[in-house]
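All remarks here apply to the structure that follows.
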Amino acid sequence: METEPVAHRSTYAGLFLVALATLMYEILLTRIFSVTMWYHFAFMAISVAMFGMTVGALLVYLFPQYFEPRKANYHLGLSSLLLAITIVFSFLTHLCIPTFANSLIFTFVGLFSLALTYTVISVPFVFSGIAVCLALTKFPRQVSRLYAVDLAGAALGCLLLTYVLKITDGPTTVFVVALFAALGALCFLAGAEHRRLRRWTLGLSLILGFISVANTALVYQQVRILRLLWVKGETEGSPLWEKWNSFSRVRIWGSPGEYQDPFGWGFSETYKPKNRVKQLHLNIDANAYTVLTDYGRKLENLDYLRYDITNFAHYLRPNANVYVIGVGGGRDVLSALVFNQKSVTGVEINDDIIGALTDDFSDYTGHLERNPKVRFVNDEARSYIARSKEEYDIIQSSLIDTWAATASGAFVFTESSLYTIEAWKIFLEHLSPDGVLTFSRWLSGNHNANYRLVAMANAALTQIGVKNPRDHIIIVAQRSQERAGESGIGSIMVSRSPFTSAHLDTVEAVAARLKYQIQISPREALDPTFAAIAEGRNLEKIFDEFPDNIFPPTDNIPFFFFFFKVRHLFEAEFWKGGPFRTTIALPIVILIALMVIVLSLTCLCIIGPLLLTNKKVPMKGSLPLFLFFGSIGFGFMMIEISQMQRLIMFLGHPTYGLSVVLFALLLSSGLGSYTTERINLAGSMRSVVIRLGCLLGLLVLFGLLTPPIVTAFRESTTLMRIIVAVAILFPLGMFMGMAFPLGMRIANLKSATLSPWLWGINGATSVCASVLAMTIALIAGISTTFWVGFLFYVLAFTTLTLAGRRVVQNLAQSKAA
């Protein structure tokens, strides 16, 4: 009888490093894809990674004669080594594949380029899937402890990536990740007889380590041998300065001494350039754009800022304390100084942008940080002001979007904590009695963005006790210039107190002088829809009958930029619509396409192997186990993604959201898995039923209590909010982590040959869940996504209880016989 292999300390270390490398690379790809492609395709990277790992697991299942238990350590080492090699080569290949602009993605060549990219990128995850599956299925007596180590490595990986990207850039981080995978291979091969493979692995580790250190040194000197070439459909030149972090790539380029026409978002058509200025270009993820300005420390050189519609609120509130959301290149800060405002507090979530403005390019930008009127704060704007005791006369946000995927944004798509009713209520509560909240947005042909802004303003004003919201709302628009397919810029101004006649006279005079259009004010409205929404009349009817979704976003459905109504997919008129409708439908079209792809791949990976191998393993009576592992795959991802969406908004900072949510869930799940090691399943299912019952109870409490807890602690310090997030996630994660190893141990009692197959089902359903969770959140909200996940755990509880009792009964009968 063949001796069952035993996992040694080196096996645990190897699995830890492979899990760490896998999650680091998975999340790193979403960051790189957000730069090279678009945020919605970055979202797809997670599904591709999960699919690759599932394919790896199924290869172990399909070829048991190759992956023999006695050669487990050798195959673990080999697959980990191939993981390290393919991480590097798949990334280099991605750099050579042209990407296409959004308008060309759905051409045949564009789709082929996209498919080729994801095929190449999925290869490393296949080898990761082989390694993890081997570790969890070839040592059945130690599966609980191994699964705990796997989750702990993944938890540390999501935390570690944040800090690696602070030290070096994205391309170099790829080599760092590959180094961790190679070190994992060395650990697996520590006790193996294949010395040549071990020497090759050691050599590769040294090479990867040297490249990582050497290129990091060059990055500090702003010298880049390895950089991105194809970025959003165009080739990219060398920058003056570039920095990566866990949620952005900031890039500055241009000629510092070159005079240019002043940059403006929405200049009045009456503006005639009097002088040129020195400007450098800054973008975030090759998409969000602004400028750094060398104004010679003479504010009169910036007089053109008075003609930009984003600064309209300054005409209404002189001598103001200004709060700027998103400092960028310092343009809104300079605007406040040009209007001679009393003070300006600039809050910027991206510390690299503040570093560029106040350190690397501080001489160029005139050392704004030294101006006694100016204060820069590195924080998330909503969270910071919620904790602040100060009141402001103007709160300004100029075209602040979240189109770029954060390190966790691949899960959360385009949620924005700034564009919700709850956020605007906070902003209004921190205005002085006559203060003004102003947001500027691109205009669309059918005004849907501005209708939604007015709806948000109406709801937020109503919640703070305002009786006649229209008296507090003004929108002015500039439509004379067209940029990137849009039809101008609109600025909404929402006052805590009613606009007076003097204020309205000022608005009308300035708008007439600068030839701006007044879309809504207490005195006039561009159309009846603006008036009805501002006044709160027949809102449900308006929202239902308007062709696009203009319902005001909430923290539960925080998708401001998602205007599409899903019901239009079932209407013939939609498919005859113009290009604008295609644009707003793009997110849901991508989700549907992705769902079709992952469902097809899931069927291919599950149904196909089942038809090929149903005679090789005892499938009879396995349906409850199939349902269990599928259910926890769906359930875990639904709950993880929904809470990531909710708690990222609570924590305020994408880095904290990634680190705290994933780290807490994965680490606690690992600890939960570890506690199942000593449970005796041979005689009774009582322990399993109790633990899964506690999980269901915790899920109910979590779902009911998390929203009020988040609300109660929203104004706490960042540290306190992190502690609260960990405290509410940790118990839940522990019990969620028990489900997989308990199910695997029951499956091993039935038939050890089923283990890779069940592992593959769990991975395949997780792939589907990553897309399904996002779809449910877009349509029905974050809370609904959570409760759907809960229902999957109810199904898991039922099916495992049934399967476990059958297995225990069969064992008892076998012993009796």
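Find which of 340, 711, 208 sits farthest along the positive direction of the dipole of the chain, computed with +1 on the beta-carbon of Lys and Arg, -1 on that of Asp and Glu, about the Cα centre.
So the residue we want is 208.
Can you give the net charge of the other residues whose Cβ lies under 14 Å from the Cβ of residue 660, counting K and R as +1 and D and E as -1? Write out the running numbers ahead of the final one.
Numbers: positive: 646, 721; negative: 380, 640.
Here the count lands on 0.
Which of the trypsin sites (Lys or Arg not before Pro) found in region 685-724 are in a DSSP loop and have at most 10 neighbouring Cβ atoms, other than their own, within 10 Å?
Answer in residue order: no site qualifies.
Run the dipole for the chain about the Cα centre, Lys and Arg Cβ at +1, Asp and Glu Cβ at -1, nothing else charged, and hand back the magnitude in debye, nearest 20.
Computed about the Cα centre, the dipole is about 2500 debye.
Going toward the positive end of the dipole of region 210-323, with +1 on Lys and Arg Cβ and -1 on Asp and Glu Cβ, which of 241, 229, 273 do you reach last?
241
Pop the C-beta distance of residue 791 and residue 592 into the FRET formula with R0 = 25 Å and round what comes out to the nearest 0.05.
Plugging the Cβ-Cβ distance into 1/(1 + (r/R0)^6) gives 0.65.
Check region 188-334 and count each lysine pair with an alpha-carbon distance under 23 angstrom, considering only pairs eight or more places apart or from different chains.
5
Tilt of helix 39-62 relative to the longest C-alpha principal axis of the chain, in degrees (0 to 90, nearest 10)?
Here the helix axis deviates by roughly 0 degrees.
Please enumerate, by chain and number, the aspartates and glutamates with C-alpha under 12 Å from the C-alpha of residue 515, excluding those fewer than 8 residues away in the same chain.
Hits, sequence-local ones excluded: 269, 308.
In the chain, with Lys and Arg counted as +1 and Asp and Glu as -1 at Cβ, which of these residues, 592, 137, 328, has the Cα nearest the positive end of the dipole, that is, farthest along it?
Of 592, 137, 328, it is 137.
Only sites in a loop by DSSP and with at most 16 other Cβ atoms within 10 Å count here; which trypsin sites (Lys or Arg not before Pro) in region 261-312 make the cut?
Loop-located and lightly packed - 274, 276, 297, 298.
Could you tally the net charge around residue 327, taking each other residue with its Cβ under 12 Å from the Cβ of residue 327, Lys/Arg +1 and Asp/Glu -1?
Details: positive: 331, 375; negative: 332, 348, 351, 352, 369, 379.
Taking every other residue near residue 327 into account, the sum is -4.
Using only helices, what value at 222 nm comes out for the chain when you add -39,500 (n - 2.57) per DSSP H run of length 4 or more and divide by the total residues, to the nearest 500 deg cm²/dmol?
-19500 deg cm²/dmol
Over region 236-297, what is the relative contact order in whole percent, taking alpha-carbon pairs under 8 Å and six or more residues apart? All intermediate terms of the calculation are to be shown ahead of the outcome.
Details: 92 pairs, mean separation 18.6, N = 62.
Relative CO of region 236-297 lands at 30 percent.
Determine ³J(HN,Hα), in whole Hz, for all residues of region 800-805 in sequence, where each value follows from phi through the Karplus function 6.51 cos²θ - 1.76 cosθ + 1.60 and θ = phi - 60°; x replaces Gly and Pro.
Values per residue, Gly and Pro as x: 5, 4, 5, 5, x, 5 Hz.
How high is the relative contact order of the chain, given as a whole-number percent (alpha carbon pairs under 8 Å, six or more residues apart)? It would help to have the intermediate numbers written out before the result.
Values: 1493 pairs, mean separation 121.7, N = 817.
Reported as a whole number, the value is 15 percent.
Determine the dipole magnitude for region 105-211: charges of +1 sit on the beta-carbon of Lys and Arg, -1 on that of Asp and Glu, nothing else is charged, the reference point is the Cα centre, and the result goes in debye to the nearest 20.
It comes to approximately 420 debye.
As I understand it, the value is the acute angle between the Cα axis of helix 501-514 and the longest principal axis of the Cα atoms of the chain; what does it come to in degrees, rounded to 10?
90
Let me check I've understood the local charge: for residue 513, count other residues with C-beta under 12 angstrom from its C-beta, Lys and Arg +1, Asp and Glu -1. What total comes out?
0
Please give the peptides 224-236, 75-87 ranked by average Cβ packing (other Cβ atoms within 10 Å per residue), highest first, as a rough proxy for protection.
75-87, 224-236
State, as an integer percentage, the relative contact order of region 197-292 based on alpha-carbon contacts under 8 Å between residues 6 or more apart. Spell out each step's value before the answer.
Numbers: 96 pairs, mean separation 18.7, N = 96.
20 percent.
Could you size up the charge dipole of region 497-568 around its Cα centre, putting +1 on the beta carbon of Lys and Arg and -1 on that of Asp and Glu, and report it in debye to the nearest 20?
Taking the Cα centre of region 497-568 as origin, the dipole is about 140 debye.
Under 18 Å from a point 7 Å along the Cα-to-Cβ line of residue 275: which residues of region 325-344 have their amide N that close?
Those under the cut-off are 334-340.
Quick one: of 467/541; 138/166; 166/342; 342/425; 71/750, which pairs are farther than 27 Å apart, Cα to Cα?
The pairs that break the limit, which is 27 Å between Cα atoms, are 138/166; 166/342.
Compute the long axis of helix 9-36 from its Cα atoms, compare it with the longest principal axis of the Cα atoms of the chain, and write down the angle in degrees, 0 to 90, nearest 10.
Once rounded, the angle reads 30 degrees.
Residue 566 to residue 432: FRET efficiency via 1/(1 + (r/R0)^6), r the Cβ-Cβ distance, R0 41 Å, to the nearest 0.05?
Values: r = 41 Å, r/R0 = 1.01.
Calculated transfer efficiency: 0.50.
Every number here is computed from the coordinates shown, using simple stated rules; none is lab data. These figures come from a predicted structure and were not determined experimentally. As a convention, Cβ positions derive from the backbone with ideal geometry for all residues, glycine included, and neighbour counts pool all protein chains shown.
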